[in-house]
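Participant: To start, I am sharing the structure in question, which I have written as structure tokens.
What follows draws every value from the coordinates through simple rules; no lab data is involved. Please read all numbers here as calculations on a predicted model, not as lab measurements. Heads up, the Cβs are rebuilt from the backbone with ideal geometry, glycines too, and the neighbour counts pull from every protein chain shown.
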Amino acid sequence: MNVKPLGDRVVIKRLEAEEKTKSGIVLPGQAKEQPQMAEIVAVGPGGVVDGKEITMEVKVGDVVIFSKYAGTEIKYEGEEYTILSQRDILAIVG
Amino acid sequence: MNVKPLGDRVVIKRLEAEEKTKSGIVLPGQAKEQPQMAEIVAVGPGGVVDGKEITMEVKVGDVVIFSKYAGTEIKYEGEEYTILSQRDILAIVG
Amino acid sequence: MNVKPLGDRVVIKRLEAEEKTKSGIVLPGQAKEQPQMAEIVAVGPGGVVDGKEITMEVKVGDVVIFSKYAGTEIKYEGEEYTILSQRDILAIVG
Amino acid sequence: MNVKPLGDRVVIKRLEAEEKTKSGIVLPGQAKEQPQMAEIVAVGPGGVVDGKEITMEVKVGDVVIFSKYAGTEIKYEGEEYTILSQRDILAIVG
Amino acid sequence: MNVKPLGDRVVIKRLEAEEKTKSGIVLPGQAKEQPQMAEIVAVGPGGVVDGKEITMEVKVGDVVIFSKYAGTEIKYEGEEYTILSQRDILAIVG
Amino acid sequence: MNVKPLGDRVVIKRLEAEEKTKSGIVLPGQAKEQPQMAEIVAVGPGGVVDGKEITMEVKVGDVVIFSKYAGTEIKYEGEEYTILSQRDILAIVG
Amino acid sequence: MNVKPLGDRVVIKRLEAEEKTKSGIVLPGQAKEQPQMAEIVAVGPGGVVDGKEITMEVKVGDVVIFSKYAGTEIKYEGEEYTILSQRDILAIVG
């Protein structure tokens with residue numbers, strides 16, 4: 001993906017039910033009730049963000065749970081993505 | 001559990017009345033009036049969170065009291081959990 | 001009491017009128033108009049809380065005045081308590 | 001007075017019109033229009049409050065002007081007092 | 001004036017139209033449209049305020065422009081004054 | 001462009017559908033649905049902003065995605081631009 | 001101008017259409033649509049403001065773009081000015 005997030009931001013793609021992720025995880029049917037899961041598609045460099053040193057702890061391909069109301073939705077080459085700060089990533093799955 | 005919280009976050013499972021916890025504590029009937037008790041099922045690594053060094057003081061299996069309105073509810077493999085920051089854990093019980 | 005507050009938190013029991021505290025203080029009748037008095041029943045360890053070093057200055061048995069709207073009410077073994085941060089304790093009485 | 005404020009807090013007694021203070025100042029009639037004047041009756045120890053070193057600059061007996069909406073009103077032995085932070089004391093009079 | 005402001009606070013007297021200030025400046029008629037001008041009548045000692053070292057840059061007699069909605073109005077010996085923080089003084093005139 | 005942003009600010013020009021950017025990227029038709037893309041036309045010097053050292057990470061000609069509600073719209077020589085802080089730039093495209 | 005701003009504040013005069021500035025720039029007719037342009041008429045000394053070292057980067061005569069809703073409007077010797085913090089100056093023009 002040709003989008004490079006700045007600072008501690010990441011680009012995620014929300015996962016739909018039964019979707020197969022790049023890392024091979026198949027999300028089962030009940031995933032339809034999990035709109036807060038996503039796959040990381042791009043990761044910012046981290047560094048000093050708002051005066052604080054941030055280390056990136058997620059990587060491209062990670063399936064994550066994120067804060068439902070966080071981030072900015074964008075459309076890029078016909079697909080929808082969300083850009084959000086790593087601090088809005090709650091956990092890594094799998 | 002295959003969910004790894006980031007930073008100072010923990011995953012908790014709310015405890016229902018008369019439920020037996022992993023550590024063997026049996027919550028008595030009046031627990032129905034205690035919706036703020038939960039068992040810790042996963043613990044983040046701590047470290048520098050928002051520019052401050054955080055040491056994790058809870059561990060998997062702890063029964064805790066937490067801030068009622070804190071955290072994000074998630075559904076994972078058919079079960080409901082809450083992900084919240086350790087700072088929203090008020091006390092350890094037992 | 002088998003509840004261990006985290007960080008700078010304390011567990012308090014609100015004092016009713018003419019109630020005798022553990023430390024022997026008898027609160028007189030007009031105490032009915034003092035819903036902000038309580039006895040400390042458990043004290044957290046203090047330490048670094050939100051990036052600041054906190055020393056606990058209250059101890060179990062202290063009768064205190066606290067901010068009316070602070071804290072979280074809990075029910076534990078049939079009794080009602082409040083968990084709040086030491087910064088919401090205004091003064092020690094007696 | 002048997003109330004020991006914590007941190008940078010002080011206990012004040014609001015002054016009514018023509019009331020004689022401990023330090024001998026007689027507040028004249030128009031004081032009725034000065035509900036923001038009070039006498040300090042107890043002073044906390046200061047020290048590190050919310051991560052900042054605070055030196056107490058008021059003492060028992062000082063007549064002060066304070067922020068009208070600051071503090072918590074308490075009743076103690078039949079009398080009304082206000083507990084507030086020294087930062088809500090605007091000036092010392094006399 | 002017998003009022004000693006604490007910290008970075010100052011006491012000001014709002015200037016009415018065509019009023020002569022202590023330092024001799026005569027405010028012309030259109031001053032009626034300048035309710036934000038005042039004369040400094042008392043200055044706090046400065047020092048560490050809210051964890052930051054503050055140097056006082058105004059002195060008694062200065063005519064200043066201040067933030068209209070800042071500060072606390074007080075009545076003292078029949079006269080009205082405003083107590084506000086030096087940070088709410090925008091500029092010195094003259 | 002003869003506008004020099006201060007501190008960590010940048011001037012951007014929002015990109016319309018099928019517009020050709022200075023760096024040669026042609027934004028395809030669906031860009032009409034991407035009102036959050038813009039080209040950087042001027043970049044501030046960075047440095048200490050609000051007490052924090054800021055390094056500028058975008059340069060003139062970069063196509064960026066920015067927070068939709070951030071910044072101030074200005075009109076300059078008949079053209080519309082937006083001035084916003086680099087922290088409101090989410091990602092660089094291309 | 002006989003107004004000395006404190007700290008990081010500046011005094012600006014909003015520019016009307018086709019007005020000639022002190023530095024000789026003539027603002028063309030469409031300036032009527034640019035209510036956010038102004039000329040700097042006085043500059044504070046900078047220094048430590050709110051605990052942070054501020055260097056002034058604008059000077060008297062600069063034409064600037066500023067945040068529309070920032071600052072305090074004052075009337076001085078029959079003319080209208082705005083006093084605002086340098087951080088509300090977005091860019092220098094020309």
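Participant: Once each part is reduced to its C-alpha centroid, what is the distance from region C:32-94 to region A:65-94 in angstrom?
Facilitator: For region C:32-94 versus region A:65-94, the Cα centre distance is 39 Å.
Participant: Per-residue Cβ counts within 10 Å, from other chains only, averaged over E:2-9: what number is that?
Facilitator: That works out to 6 on average.
Participant: Another question, then. Students often get this wrong, so check it: of A:Lys75/B:Lys52; C:Lys68/D:Lys59; D:Lys52/G:Lys52; A:Lys68/F:Lys4; E:Lys68/G:Lys52; C:Lys4/C:Lys52, which have C-alpha atoms separated by over 28 Å?
Facilitator: Result: A:Lys75/B:Lys52; A:Lys68/F:Lys4 exceed 28 Å.
Participant: Within a 10 angstrom radius of each residue's Cβ in E:42-51, how many Cβ atoms of other chains show up on average? Whole number is fine.
Facilitator: Average neighbour count from other chains, rounded to a whole number: 3.
Participant: Between chain E and chain G, with a rotation axis joining them, whose C-beta in E is nearest that axis, and what is the whole-Å distance?
Facilitator: E:Gly51, 8
Participant: In nanometres, what is the gap between the two model label sites at G:Val58 and G:Glu73, each 7 Å from Cα along Cα-to-Cβ?
Facilitator: Each label point is offset 7 Å from its Cα along the Cβ direction, giving 1.7 nm.
Participant: Name all residues of region B:62-84 having a backbone nitrogen under 14 Å from the label point set 7 Å from the Cα of B:Asn2 along its Cα→Cβ direction, giving them as ranges.
Facilitator: B:76-79
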